[in-house]
1. Give me the Å³ per residue figure for the convex hull around the C-alpha atoms of the range B:49-289.
2. Over all distinct Cα pairs, what is the inverse of the mean 1/r for chain C, reported as the Kirkwood hydrodynamic radius in Å?
3. Determine, from the Cβ-Cβ distance of residue A:47 and residue A:191 and an R0 of 45 Å, the FRET efficiency 1/(1 + (r/R0)^6), rounded to the nearest 0.05.
4. Separation of the range B:181-257 and the range A:285-306 by C-alpha centroid, Å?
5. Rounded to the nearest 5, what % of the DSSP beta bridges within the protein assembly as shown are antiparallel ones?
6. Compute a Gaussian network model of chain C, connecting alpha carbons closer than 10 Å, and tell me which residue from C:258, C:23, C:202 fluctuates the most.
7. In whole Å, how far is the Cα centre of the range C:22-58 from that of the range C:147-162?
8. Could you state the angle between the C-alpha long axis of helix C:136-148 and the longest principal axis of the C-alpha atoms of chain C, as a value from 0 to 90 degrees rounded to the nearest 10?
């Protein structure tokens, strides 16, 4: 379209640059702080340009927070959550879309309602369940008298116990249920023409074969989109790991480590706050998901827009 | 719905089981547990629980600290939502003009989505720090005027700005997607009718964004109730004087620091109802996202 | 020997019966076309044979085996779908070979067979393409090849040509028939297009509202439609239908304006019996007013090139007539219509079924070439 709007174009650029500045300034300041020495950061005037201490600060922050194993942990948990969520979303949606059975809608709604129960609002009892993931079954068996029955018949006391605290399973399992992912997959499966299913059946493929040979290759875009947002989601988990992991040295995740870096009376003991190290650590922790979002921008945006509706 | 289906078999059951088990154990059971605790008095170290009816709720609702928490949660929700959506909308409309470099602008606005909430909190704690950040300037002019750890309104302002900063990207992505799905022919028709770019923004784009706008409004408010934990925990720790004790934070603090399971459960139930109401509104009234299709 | 015997088959969804009492016997190697408007149940019948839909009642036998409870892959049928249903992420070769892969055929043999089959439908150069990079006709060929490679006992076609443009459709129609002639497998082809039906079929099955109206060779169906429904459905332009009653005294049928059309009345038809008279547009001729069986008003003449279609109005009923002449007439003119008695079809006004005319007429009718 031919349109000459020089003034508006200048205004557009000005507004967008202003917006970028507002968004970048806080992180820029954090970055600058991470490049100076303790003294330079804590003395007026404030530095606005990077110094030369970035590398030493990063190294010190890395060692101080013991980031090595924590990055490995975070990577393990994030990968676990991503793979788990995508797998669960895919197989659940597959069963819901390609099989007919009573109670299909009931299951759909059961999954849907979990959207209204975010982790934050059921945090205390969820923690209690994580301490023994089999406690629901124990309670049910006790209440219905099955435990008593077993105890009387066989003499075995039923005591189901599966402690998830301080384990990768405990970090991953409660996070892998996914209503949004299931819906995204369901949307996608509903666009698969009936005839494709029939052609596969005529070709002799059963349900699992059809899922593996046809649907999964076709849902590559879906997988990429889901993987991106789920990775960011998993990496940035804070509250849950804060609770289930008390053994930080073995199972700690990097984002949780940030809570130890808040330079207050507790951490500095009244000394000069170590902002240069806190900011260096912050940069290290936030970098991987940012890289993913920037490089997978297309998938990320698509995943975000399609999962939330 | 679909005419070509496989017959239900053990395969389907096996495919459904994992997710159903997980949501039962980690969603429904804890929620039921919260409900149970909310109506009973539970000793944290065992010893049974007694039915107390609405006592826990009465206690919570007559607690001035709880109402303080509700008040600041509402302020936080509204303020972050208004700031974030206002900024996101403005930026999206101008990015949508697709002038030179718009891809760079887009990336520049989107990336904060990927920053973890505690990292945002920590970075902003530095920015707002009275001794080291840019606000130390203010304190050299008026010593002691700016201190997050002393003045409640400053602490609230800080979490609002940090929260809004984090939310901009999300709203921006949705606004931009909605703008870009406006059919090109519509814009061209408006241009043929003589509408210039600014005019088109007002007459075409804004009205067509209404559904997205309402959708984001609800989502942002819901998120601000649940996702604020990381920011508060690293930026203010709920203080000073409980000024930033948002509802989620208070549940966490009461449950895990105060071991008041029943009080925390009652608060959880209230927050759950709030989230459910908002989700319901979203699906019931904000369902149709785009009204030109 | 893949003969297909369908006995009293029916299909119900809940309480709605969409098909009932289907009896059909298809000989080995026969090419049968099921013809009918959309919603008549023809696709359901095909899908019941394929095993994609369940049979609510009755029985289907393929090659001597009752297949009611068998899964699609156990029936030895191959199907070509309306939208081709090609796997979008697989190449042409993978699409064609998929059934063999599922069946566990060794890779070398599979490749050889894919190549041979692809070459036989002219796809030899496209094996590495994805369906998205093919034209409509090529996709159709892939769908065909995918069916052929399995060497099925039965070929099923579900309106496979309806997504092609007119020219390609005629071309593919010929190819399908040639492939059938070469392979000789029993084929069932569902379509709503009567030209496809007439040209492809050894035998036509005309369906309406879930039941079979008539089964016969294309010429039988054209020359002796069993019902008003078949008469109106087959033939383009459609057969003209005029109401009237039998008059034995006047040796024919008396129309509403008291004009008469001579018909070889079958014996035993009662005087005054209400009938519908069927006259194909190509079996009526224009004559001067008063010279023909009845007079009508000319509404419009449409030029079709080889012929002209004259749209007449008789007693508020449209009447269509094809002529090779170029009549110099203006709309509104009154014309006469002459009908050859042996070309007239008689239907019972109550049941809509055909009333067989006296035998002499039948033989002459049979000599009619098919359009």
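Rule-based calculations on the coordinates, nothing more; no lab input. A quick note: this is a predicted structure, and the numbers were derived from the prediction, not measured. Using ideal geometry, Cβ is built from the backbone for each residue, glycine included, and neighbour counts are taken over all protein chains shown.
1. So the per-residue Cα hull volume is 152 Å³.
2. For chain C, inverting the mean 1/r across all distinct Cα pairs yields 23.0 Å.
3. For R0 = 45 Å, the calculated efficiency reads 0.25.
4. 19
5. 75
6. Taking springs between Cα atoms under 10 Å, the residue moving most is C:258.
7. Between the Cα centre of the range C:22-58 and that of the range C:147-162, the gap is 14 Å.
8. 70
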